[in-house]
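The values are calculated or read from the model by the stated rules, or taken from the named source; none is laboratory data. Remember, predicted model here, so these are calculated numbers, not experimental data. Backbone-built Cβ (ideal geometry, glycine too); neighbour counts: all protein chains shown.
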Amino acid sequence: MGTPDLFEHAYTAAVSEELPPDPVAQERPGRELRLRRAPSAAIALGGCVVTPDRAIDPGYVVIEDGVVRAVEPVAPEAVEVIDTGGVIVPGLIDLHGHPEFNVFAAWEPPQSYVNRYAWRGSELYAKLVRGPQNLLLEKLSPWTQLRYAEIRALVGGVTAIQGAGQQASRYQDEALVRNVDKWIFGGQVGRAMIDLPSGTRGADSLTSILRGISAGTVKAFYLHLAEGKPSNSRSATEFDTLVELGGLTPATVIIHGTALSETQLGDAHDAGAKLVWSPQSNLRLYGETTRAAHAVRLGMPVGLGADWLPSGSSSLLAEMKVARRSLATQTGHDPGARKLVDMVTRDAARIAGLEDMLGTIAAGRPADLAVFERHHDDPWENVATADPSHVQLVLIGGDIAYGHHDLVHRLVGHDAADDFESLLAWGKPMLLDTGYQARPGEAAPPRLSALRTELISAYPQVGPIFA
């Protein structure tokens with residue numbers, strides 16, 4: 001039946017190869033195909049605006065044609081001002097995951113494993129995760145799983161993700177949320193591999209990626225590396241293998257790195273490499289996590305990824321809290337909310353090679369924004385202590401993707417708001433727009449209600465989004 005191959009394809013199908021040219025995409029780079037709803041004229045969102053250098057409170061983000069036109073401390077007079085009463089931050093960036101698997105509820109590992117190859121080969125994992133995934137792959141389009149997972153990310157304030165599988169590259173376009181290692185802003189700056197090459201398997205992909213890095217077209221090379229206990233020789237020696245293969249470069253983004261020694265982290269830093277950290281998944285699978293505090297002390301850029309629901313966090317916001325505790329444990333002091341927020345905004349954009357477009361609210365950049373309810377005087381603390389129920393509004397390229405009923409009505413008007421899907425999210429009346437299409441002329445993408453029905457019909461244990 002070939003069932004195991006379905007799972008391996010879904011798990012390992014990161015886009016290691018370069019996406020082929022697409023004339024249609026090249027004619028309209030970015031998100032120029034606006035099939036979401038956006039305000040018909042320039043508007044200013046009012047609230048506490050978090051910029052790289054300071055928080056402007058009150059502050060106003062002027063948005064027009066999908067772009068931030070200005071960030072001002074005084075309400076502008078020439079545009080309509082909509083006061084959110086919240087904290088306005090750049091859209092969050094989740095730098096590591098396997099989103100298609102986020103339709104499942106969390107898996108409870110029965111033991112601590114020595115490395116990822118151990119749990120991937122276990123009988124229990126095959127029954128609880130691998131088997132259900134094969135079932136869904138046989139019965140449903142993989143787009144169903146991906147779209148559901150993208151909505152899960154979106155309602156948590158995330159506007160860009162990494163790690164969507166091969167199905168995300170059918171078209172050289174962006175999906176419901178941005179994909180940092182797929183087609184983005186009219187090109188592809190990120191490439192990814194799950195495993196290091198073994199013999200001839202994967203060698204051509206690595207060669208292609210390294211060629212792109214040398215040419216300057218690949219700015220981020222995402223690679224699972226040294227994922228296991230430091231005492232496990234297979235995990236500990238992967239770094240040396242990477243170096244021998246010529247894969248340690250300024251574009252290299254090490255995912256996990258739980259087995260890396262301080263010396264190896266120092267070598268990675270000296271080479272200009274970056275780190276993406278998923279502490280929740282590490283702790284649940286291996287009982288320990290990466291020496292992230294040492295990477296931070298070195299000045300190595302560190303981002304966060306929620307990994308996947310079988311072993312990771314339910315949201316990037318939840319992952320931030322685990323990261324905060326882990327850093328405090330490693331250093332003996334709180335790293336501070338501002339550092340955590342940087343890890344999922346400005347630092348994440350730098351790691352992704354997209355620092356000129358994402359991660360910062362500034363004039364001339366795409367209006368990728370998240371607005372959080374105000375629960376804390378310190379705006380960074382307000383975000384670091386938030387959960388998805390605090391999200392009030394999410395914009396991607398100025399398009400309204402998700403927002404509170406009242407805010408969306410004020411932004412686009414009552415008639416246009418009727419096109420959104422109504423939801424009760426943690427007791428709040430929210431509106432969701434899943435209408436972004438990869439290409440004109442396609443059938444309208446399914447709403448969340450249809451995705452949920454399709455998933456549950458094949459696998460009733462699907463993990464809920466609003467829980």
Every pair of residues 6+ apart whose Cβ atoms lie under 9 Å, when the first sits in region 50-69 and is closer than 22 Å to residue 338 by Cβ and in the same structural domain as residue 88 (by TED's automatic domain parsing) while the second is surrounded by fewer than 23 Cβ atoms within 10 Å (Cβ to Cβ) and among the aromatic types (Phe, Trp, Tyr): 50/380; 55/380
Just give me the residues in region 188-205 being without any contact (Cβ under 8 Å) to a residue 60 or more places away in the chain and not small (Gly, Ala, Ser), in sequence order. 196, 197, 200, 201, 204
Across region 349-368, what is the total count of residues that are within 30 Å of residue 406 (Cβ to Cβ) and touching a Gly at 6+ places or on another chain (Cβ under 6 Å)? 3
Picking from 57, 53, the residue that is surrounded by fewer than 16 Cβ atoms within 10 Å (Cβ to Cβ) and modelled with pLDDT of 95 or more would be 57
In region 295-315, is there at least one residue being assigned to a helix (DSSP H, G or I), surrounded by 22 or more Cβ atoms within 10 Å (Cβ to Cβ) and over 20 Å from the mean Cα position of the chain (by Cα)? yes
Quick check: anything in region 344-363 in contact with a Phe, Trp or Tyr (Cβ under 8 Å, 6 or more places away or on another chain), part of a loop (DSSP other than H, G, I, E, B), outside the structural domain of residue 61 (by TED's automatic domain parsing) and closer than 17 Å to residue 381 by Cβ? no
Those residues of region 277-294 which are in contact with an Asp or Glu (Cβ under 8 Å, 6 or more places away or on another chain) and either of a type in the set (A, V, I, L, M) or in a loop (DSSP other than H, G, I, E, B) (or both), in sequence order: 278, 291
The condition of being buried (at least 17 other Cβ atoms within 10 Å of the Cβ), more than 20 Å from residue 48 (Cα to Cα) and either touching a Lys or Arg at 6+ places or on another chain (Cβ under 8 Å) or outside the structural domain of residue 319 (by TED's automatic domain parsing) (or both) holds, among 369, 395, 407, 423, only for 423
Just name the residue that is surrounded by the most Cβ atoms within 10 Å (Cβ to Cβ) out of those in region 97-138 that are in a loop (DSSP other than H, G, I, E, B) and of a type in the set (A, V, I, L, M, F, W, C). 104
Considering only helices (runs of 4 or more DSSP H) wholly within region 395-467, the ones with at least 2 residues that are touching a Ser or Thr at 6+ places or on another chain (Cβ under 7 Å) and closer than 20 Å to residue 159 by Cβ are 448-458
So if I check each of 465, 361, which one is under 22 Å from residue 147 (Cβ atoms), in contact (Cβ under 8 Å) with a residue 12 or more places away in the chain and under 22 Å from the mean Cα position of the chain (by Cα)? 465
Scan region 145-160 and give yes if some residue there is hydroxyl-bearing (Ser, Thr, Tyr), assigned to a helix (DSSP H, G or I) and under 18 Å from the mean Cα position of the chain (by Cα), otherwise no. yes
Using the structure shown, decide if residue 209 is part of a helix (DSSP H, G or I), assigned by TED's automatic domain parsing to the domain that holds residue 112 and closer than 30 Å to residue 436 by Cα. yes
So which residues in region 176-192 are touching a helix residue (DSSP H, G or I) at 6+ places or on another chain (Cβ under 6 Å) and among the aliphatic types (A, V, I, L, M), if there are any at all? 176, 177
Looking at 226, 271, can you tell me which residue is touching a residue at least 24 places away in the same chain (Cβ under 8 Å), of a type in the set (A, V, I, L, M) and in the same structural domain as residue 304 (by TED's automatic domain parsing)? 226
If you check residue 88 against the conditions, is it within 27 Å of residue 354 (Cα to Cα), in a strand (DSSP E or B) and modelled with pLDDT of 95 or more? yes
Residues of region 228-276 being farther than 24 Å from residue 327 by Cα, in a helix (DSSP H, G or I) and among the β-branched types (Val, Ile, Thr), which ones? 241, 243
Within region 257-286, count every residue that is surrounded by fewer than 17 Cβ atoms within 10 Å (Cβ to Cβ), touching a Pro at 6+ places or on another chain (Cβ under 9 Å) and of a type outside the set (Ser, Thr, Tyr). 2
Consider region 411-420. How many of its residues are surrounded by fewer than 18 Cβ atoms within 10 Å (Cβ to Cβ) and touching a strand residue (DSSP E or B) at 6+ places or on another chain (Cβ under 7 Å)? 2
